[in-house]
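The next block holds one structure in the form of structure tokens; read it before the comments.
The values are calculated or read from the model by the stated rules, or taken from the named source; none is laboratory data. Keep in mind that this is a model prediction, so the values were computed, not measured. Keep in mind that these areas ignore ligands, DNA and RNA; they rest on the heavy atoms of the full protein, side chains included. Shrake-Rupley method; radii C 1.70, N 1.55, O 1.52, S 1.80 Å.
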Amino acid sequence: MKRLVTAAVLLLIAGAAQADNFTDAADRFRSASASAPFFDDAYGYAIFPRVAKAGFIVGGARGVGRVYVAGQPVGEATLTQLTLGFQAGAQANSQIIFFQDDRAFREFSEGGFEFGGQMNATVVTANAQAQASTQGSGATASGGRNDAKVAGGYYKGMAVFIITTGGLMLEASVGGQRFSYQPIAQE
């Protein structure tokens, strides 16, 4: 098991090194067929170039992001997740949350807590995931670093896309996820 976790952490670091730039991450989502159309009509979005996740029974994830409205940066965001259940390994991904309108953006920027359950399997850059939470349910699949797939569209004014950048993880867990938002100081 130690070798499995060590290999997963090394893959996580390798994948994370390629996904630490906001512009590069946004370009990957713009080139993915499932998420590309959302850039044309979304009010704004929060992008997390690297979300690192690891767990063995108890797990956690964290990512730092930037929030855009009308193509301009308006704030910084942090994603924090704690999970409990069957889980072993580590993974990294890029995540983007599109806001359909101002109401959805305000809801996100007020921060909040989401409780849910998820099943996830990641091997290097291939990923399959199903989840159900207080924010809705969905299923995603990613076959490589430039794929973003999701079932459905906006739910309560938000649409989430994930591109797995690396790792090795199996998971069936329940947990909570929190977003914090800090506006950029206006000059």
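A straight chain from Arg103 to Phe22 at 0.36 nm per residue would run longer than the Cα-Cα distance by 26.8 nm.
Could you sort Asp24, Asp101 by their accessible area in this structure, using a 1.4 Å probe and putting the largest first? Show your work: numbers first, answer last.
Numbers: Asp24 75, Asp101 55 Å².
The residues order as Asp24, Asp101, largest area first.
Heavy atoms only, 1.4 Å probe, whole protein assembly: order Thr78, Thr83 by accessible area, highest first.
Working: Thr78 30, Thr83 5 Å².
These residues rank, largest area first, as Thr78, Thr83.
For Val51, the accessible area of its heavy atoms, probed at 1.4 Å with every protein chain present, is near 10 square angstrom.
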